Every structure is written in structure tokens, then in C-alpha cells.
Amino acid sequence: MSKYTINEFIRQTQQDERESEYFELETPRILEVNLRDLVWAKTGSMISYTGQIKFERERVLEHGVGMMFKKALSGEGASLMKATGNGRLYLADKGKKITIFDLDNESITVNGNDLLAFEPGIEWDIKLMRKVAGMMSGGLFNVTLTGKGKVAITTHFEPLTLLVRPGESVITDPNATVAWSGHLTPEFRTDISFRTLLGRGSGESIQMEFSGEGFVIIQPYEEVYMTGNSSS
């Protein structure tokens with residue numbers, strides 16, 4: 001166990017007071033937002049702030065009727081809050097590791113439970129995985145983010161990026177899959193059989209298959225959560 005004097009501990013762990021970017025990693029698991037207007041963040045992810053900041057849960061019609069119905073179908077697993085004002089906002093999600101992407105008119109699709117925050121200029125849409133609605137109790141939705149600006153996602157431990165090449169499909173476990181190239185559309189495979197129904201299968205009955213060209217981000221952890229809440 002590390003031992004410090006109080007002054008040593010403060011020097012090692014204190015916040016960085018220097019001017020920094022809109023999104024900045026204060027630690028690998030704490031995101032600092034240097035807020036000057038507004039930011040969209042995962043509901044419940046605020047752990048601290050300084051300055052004058054107001055928090056408001058996303059209103060039912062904030063993004064239109066179509067988005068309202070999608071969120072209802074997804075059990076609000078991608079529930080967002082809007083933080084407005086000026087100050088420093090600190091966000092975290094259950095101690096998960098944070099990665100910041102700076103999109104330059106690009107697109108990325110993120111599992112709804114792994115999206116932490118994004119700049120207001122980013123366009124986003126919830127995609128439902130209808131093909132597996134009868135196979136899984138959770139993780140049936142994801143969020144596609146497009147445009148120019150920063151996006152922060154979370155993973156359990158260090159993420160691994162797998163390259164998808166033409167003719168070389170990448171197969172992943174849905175519960176370990178965090179994000180992928182926005183233009184890729186995963187197909188779902190299943191090896192459900194009589195042995196699976198008897199509880200003697202491999203335990204990997206549902207898989208995601210990515211084909212084409214792009215990337216897939218996975219984590220060394222199978223995150224299982226029920227539709228209707230965002231817990232791990």
C-alpha cells in the first residue's frame with residue numbers, strides 16, 4: 001500500500017489547473033469537460049464540478065418524436081443529461097477506462113451503455129438491433145455519432161481494436177463489444193442447439209459478425225445489463 005504525507009498525496013492527485021481542451025482526461029477514469037456552453041453526458045455520470053453549471057435530464061421531445069419512440073423501445077438505456085453553463089465538469093462511469101475520440105466528419109457506433117459524453121455539434125441516432133430482440137435481454141441498441149467534435153466512451157479495462165478487412169470477417173461477443181466504424185452493420189450469428197437448451201452449450205450462443213472494411217473495439221470483460229437500466 002502506498003504511503004504519502006498529505007502534501008505529497010495532494011501533489012500526486014490534484015486536478016490540473018492549466019488551460020486545457022474541451023474534453024481532457026484528468027485521470028484514465030475521470031473525464032474533465034471545460035464547459036463553455038453545453039455538453040451531452042450519460043445520466044448520472046457527474047461526480048463533481050466547479051463554476052455555474054445546470055443539469056437537466058433529456059426531455060421527452062428534446063430530439064423529436066422519432067427519437068422518443070426509439071428511446072422507449074430501448075428502455076432508455078442511452079439516457080442522457082444536458083449540462084449547461086461555464087465551469088469544469090468531471091464525469092465518470094463506475095470506474096471504467098475513458099477514451100476520447102476527435103471526430104473529423106467521421107462516424108462511430110457505440111454500445112449505448114458505453115457512451116459517456118459528446119459535444120453538442122455531434123449528430124446522433126439510436127439504432128435498434130431488432131434481429132436479436134428475441135435472443136437477448138439487454139444490449140439491443142447502440143448509438144451512431146457523426147460529425148466534427150469530441151466523443152468520450154468507456155470500457156472495462158484496456159480496449160483492443162480489431163481491424164475488419166474485405167474477406168476477413170471479425171466475430172465478437174456482443175457483451176464485450178464496445179464500438180465500431182459507423183458504416184459497418186453487424187450481423188448476428190447463433191449456435192443455439194438442443195445442447196444449448198439443455199445448458200450444455202459453449203456459453204457463446206450469440207455472436208456479432210462484422211464484414212467489410214473498418215474496425216471493432218472490444219473490451220476484456222463481458223458486460224451484461226438488463227434493458228431499462230444502465231448498470232454493469
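Inspect all residues belonging to the stretch 4-16 and state whether any of them is modelled with pLDDT of 95 or more, closer than 16 Å to Ile53 by Cβ and open to solvent by less than 90 Å² (accessible area, probe 1.4 Å).
no
Among the numbered criteria (1) modelled with pLDDT under 90; (2) of a type in the set (A, V, I, L, M); (3) surrounded by 13 or more Cβ atoms within 10 Å (Cβ to Cβ), which one does Ala72 miss?
So Ala72 meets the others, but not (3).
Looking at the stretch 93-127, which of the residues that are touching a Leu at 6+ places or on another chain (Cβ under 7 Å) and part of a loop (DSSP other than H, G, I, E, B) is modelled with the lowest pLDDT?
Residue satisfying both the conditions and the ranking: Pro120.
For the stretch 99-121, which residues satisfy the criterion of being surrounded by fewer than 24 Cβ atoms within 10 Å (Cβ to Cβ) and among the charged types (D, E, K, R)?
The answer is Asp102, Asp104, Glu106, Glu119.
The values are calculated or read from the model by the stated rules, or taken from the named source; none is laboratory data. From a predicted model like this one, the values you see are computed outputs, not experimental measurements. As a convention, Cβ positions derive from the backbone with ideal geometry for all residues, glycine included, and neighbour counts pool all protein chains shown. These accessible areas exclude ligands, DNA and RNA; they are computed on the full protein's heavy atoms, side chains included. Shrake-Rupley method; radii C 1.70, N 1.55, O 1.52, S 1.80 Å.
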